[in-house]
Amino acid sequence: MSAWRAIFQREFSSYFATPVAAVFLVVFLFLAGIFTFSMGGLFDRGQADLRPFFQFVPWLFLFLAPSLSMRLWSEERRLGTIEILTTLPLGITQAVAGKFLAAWLFALVGLALTFPLWVTVSWLGDPDQGAIVAGYIASAMVGGLFLGIGGLVSAMTKNQVIAFVVTVVLCFLSLLTGFPVVLEFFRGWLAPSAIDLIAGVSVMTHFSSLMRGVIELRDLVYFATAIAALLAATALVIDWRKSG
Amino acid sequence: MPALINAQNLHKSFGAIRAVNGVSLTVNAGEVVGFLGPNGAGKTTTMRMLTGFLDPSDGSITISGVSLHDDPIAARRCFGYLPEGAPAYPDMTVRDYLTFIARARAIAPREIAARLESVVARIHLGGVIDQVIETLSKGFKRRVGIAQALIHDPPILIMDEPTDGLDPNQKHEVRELIRAMGSTKAIVLSTHILEEVEAVCTRAVVIAAGRVVFDGTPEEFERRAPAHVTRNRMDSAFRAMTAPTSEVVT
């Protein structure tokens with residue numbers, strides 16, 4: 001078995017060894033339900049689609065993804081197991097990838113468990129299934145991106161609380177920059193090209209365009225590149241810490 | 001045959017602090033090297049460099065003839081490492097943990113059960129194999145750490161205080177184990193217990209303030225004690241070599 005799979009499996013099962021898994025899934029599904037039905041007004045809109053759900057996914061992941069990622073590396077450092085992990089005969093990229101994929105798969109399990117929403121709208125009406133698929137892809141991408149940010153932050157500290165808080169703030173900023181209000185604020189004193197750049201790197205911009213049901217290569221490339229860059233940065237941070 | 005561990009002129013600084021200042025160490029198969037020194041002398045830092053957990057600021061390390069810097073993965077296959085404090089994942093069972101280490105070391109799946117069985121028998125972990133690590137006593141945790149370092153039967157073993165926190169019976173057991181393995185492997189262990197050096201080591205290396213101040217057999221070590229000392233000669237030799245001159249009381 002390749003080493004990354006060993007890391008991946010250990011990490012994934014460790015969520016279930018503690019109450020993390022249960023708490024995460026229950027809170028995620030509970031909040032998803034509240035947002036979708038109460039705040040999103042799934043029934044009141046009279047439309048069979050899942051947009052009320054998808055539009056809240058980044059906000060759900062804003063708090064829940066950091067709770068999955070905060071321990072990825074800081075726990076290793078606190079326990080001292082990082083010393084074993086980084087002296088095993090495996091590349092650091094394998095460890096980084098294995099851990100990330102475990103956290104991501106766990107977040108995807110949470111997303112997959114929202115299937116009753118999809119069953120509901122499909123039963124009540126005739127939703128655009130393509131848009132729903134695009135919405136789930138967008139949600140998975142945002143989750144992955146946030147976990148990438150969280151993994152990087154977690155590699156920098158042995159304190160999980162710090163890892164959590166800093167990750168929430170960074171994820172929040174990555175969402176915020178896509179909102180017209182925020183862009184409007186910058187418009188007064190930045191060149192239009194700079195505004196486009198800010199909007200272009202915002203998670204929200206790419207999430208929204210995917211969520212509208214248009215799966216564009218550009219948006220997928222954005223997420224894939226961002227996640228890959230974050231994982232590479234995580235590996236660099238861990239490697240860099242070897243120099244003391 | 002080249003030395004299994006060959007470290008030359010290792011230096012390590014943390015900011016302005018020079019933790020290790022020109023340590024060289026070669027260890028051959030069949031040698032058990034006791035690594036001694038006062039707290040803060042640079043023992044753990046040196047061991048961390050030997051295993052690649054820390055990069056040296058200067059100097060070179062080859063493990064089984066492979067440069068740790070140029071081909072770290074090949075070099076790391078050749079040793080087992082017990083870090084200070086024997087860290088392990090507390091929420092895993094001993095079996096799951098050792099299986100994880102075996103998989104991460106890319107041991108073939110069909111071999112894992114046999115490796116596990118042999119190491120568990122050797123370290124006497126059979127009674128706790130399905131117990132969660134956080135519920136184990138200190139002695140058993142340390143043994144799990146040793147088992148983890150032995151799972152791939154490496155030619156080199158690097159152990160940071162393998163008997164720390166063990167009761168006398170457990171200490172005896174671990175020493176017997178090290179002695180048994182010492183005939184074929186290259187072993188480096190750090191310790192504060194000087195009798196341990198007499199009991200299991202073929203060589204003692206003393207470092208103080210980041211430098212090697214002694215490298216020789218335990219007998220030569222003892223001879224460093226002042227002639228008039230008749231009791232605890234090892235302790236007295238250790239103090240003579242490592243204490244600041246003004247504090248040497250014999």
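Any read-out appearing in this document is the output of simple, stated calculations on the displayed coordinates, not a laboratory observation. Note that this is a predicted model, so its numbers are computed, not measured. Glycine gets a Cβ as well: all are built from the backbone with ideal geometry, and neighbour counts include every protein chain shown.
Using only atoms on other chains, find how many Cβ atoms lie within 10 Å of each Cβ of peptide B:49-58 and report the average.
4
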Handout entry: chymotrypsin sites (Phe, Trp or Tyr not before Pro) within the range A:165-244, DSSP loop, no more than 10 other Cβ atoms inside 10 Å
Key = A:Trp189
Problem - With 10 Å bins from 0: P(r) over the range B:125-250, alpha-carbon pairs, percent - result: 11, 37, 31, 15, 5, 0
Completion exercise
Sorted by chain and number, the residues with a modelled amide H under 5 Å from that of B:Asp58, at a separation of 5 or more or across chains, are B:His11
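In this model, which of A:Lys158/B:Lys171; A:Lys158/B:Lys185; A:Lys242/B:Lys171; B:Lys43/B:Lys138; B:Lys43/B:Lys141 are farther than 27 Å apart at the alpha-carbon?
A:Lys158/B:Lys171; A:Lys158/B:Lys185; A:Lys242/B:Lys171
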Handout entry: Of the chymotrypsin sites (Phe, Trp or Tyr not before Pro) in the range A:1-98, those whose Cβ has at most 14 other Cβ within 10 Å and which sit in DSSP loop
Key = A:Phe43
Completion exercise
Largest-first semi-axes in Å of the equivalent ellipsoid built from the Cα gyration tensor of chain A are 32, 23, 15
Exercise for the section: Quick one: angle between helix B:109-123 and the longest Cα principal axis of chain B, in degrees between 0 and 90, rounded to 10, please. Expected result: 50
Exercise for the section: Over all directions, average the projected area of the Cα convex hull of the range A:9-68 and note it in nm². Expected result: 4.6
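What translational diffusion coefficient, to the nearest whole µm²/s, does the range B:11-137 have by Stokes-Einstein, given a Kirkwood radius computed over alpha-carbon pairs, a temperature of 10 °C and 1.306 mPa s viscosity?
Values: Rh = 17.0 Å.
Translational D for this selection: 93 µm²/s.
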Handout entry: Packing-based exposure ordering (other Cβ within 10 Å, fewest first) of A:Met204, B:Met47
Key = A:Met204, B:Met47
Fill in the blank from the handout: With the charge dipole of chain A built from beta-carbon charges (+1 for Lys and Arg, -1 for Asp and Glu) about the Cα centre, the Cα from A:His206, A:Ile137, A:Thr225 projecting farthest to the positive end belongs to A:Thr225
Handout entry: Cα-based helix-to-principal-axis angle, A:3-17 vs chain A, degrees rounded to 10
Key = 70
Fill in the blank from the handout: Residue-normalised 222 nm signal for chain B, counting each DSSP H run of n ≥ 4 as -39,500 (n - 2.57), nearest 500 deg cm²/dmol, is -10500 deg cm²/dmol
Exercise for the section: Please list, in chain and number order, the residues 5+ apart from B:Phe14 or on another chain whose amide H is under 5 Å from its amide H, with Hs placed from the backbone. Expected result: B:Ala19
Practice task
For chain A, find the longest principal axis of its Cα atoms and tell me its angle to the long axis of helix A:160-176, 0 to 90°, nearest 10.
Solution key: 40
Completion exercise
B:Phe79 neighbourhood, Cβ < 15 Å, K/R = +1, D/E = -1, net charge 0
Exercise for the section: Would you mind computing Rg(Cα) / (2.2 N^0.38 Å) for the range A:129-216, counting N as its residues? Expected result: 1.25
Handout entry: Residue order, fewest to most beta carbons within 10 Å, for B:Thr44, B:Thr93, B:Thr135
Key = B:Thr135, B:Thr93, B:Thr44
Problem - Tail beyond 40 Å, pair distance distribution of the protein assembly as shown (Cα, percent) - result: 35
Handout entry: Under 5 Å, built H, 5+ apart or other chain: amide partners of B:Leu36
Key = B:Val205, B:Val206, B:Ile207
Problem - Extent along principal axes [Cα atoms of the range B:174-240; Å; largest to smallest] - result: 37, 28, 17
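Hey, what number do you get for chain A at 222 nm if only DSSP H runs of n ≥ 4 count, each worth -39500 (n - 2.57), divided across all residues, to the nearest 500?
The per-residue figure over chain A is -24000 deg cm²/dmol.
Can you give the convex hull volume of the alpha carbon atoms of the range B:88-153 per residue, in Å³?
Looking at the range B:88-153, the number lands at 70 Å³ per residue.
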Problem - Test item: B:97-104 mean partner chain Cβ contacts at 10 Å - result: 5
Completion exercise
When the charge dipole of chain B is computed with +1 at the Cβ of Lys and Arg and -1 at the Cβ of Asp and Glu, the Cα pointing farthest to the positive end, of B:Thr163, B:Gln8, B:Phe100, is that of B:Gln8
Exercise for the section: With N denoting the number of residues in chain B, provide Rg(C-alpha) divided by 2.2 N^0.38 Å, to two decimal places. Expected result: 1.03
Exercise for the section: Go ahead and collect, in residue order, the members of the range B:3-21 whose backbone nitrogen is under 17 Å from a label point 7 Å along the Cα-Cβ direction of B:Asp58. Expected result: B:7-21
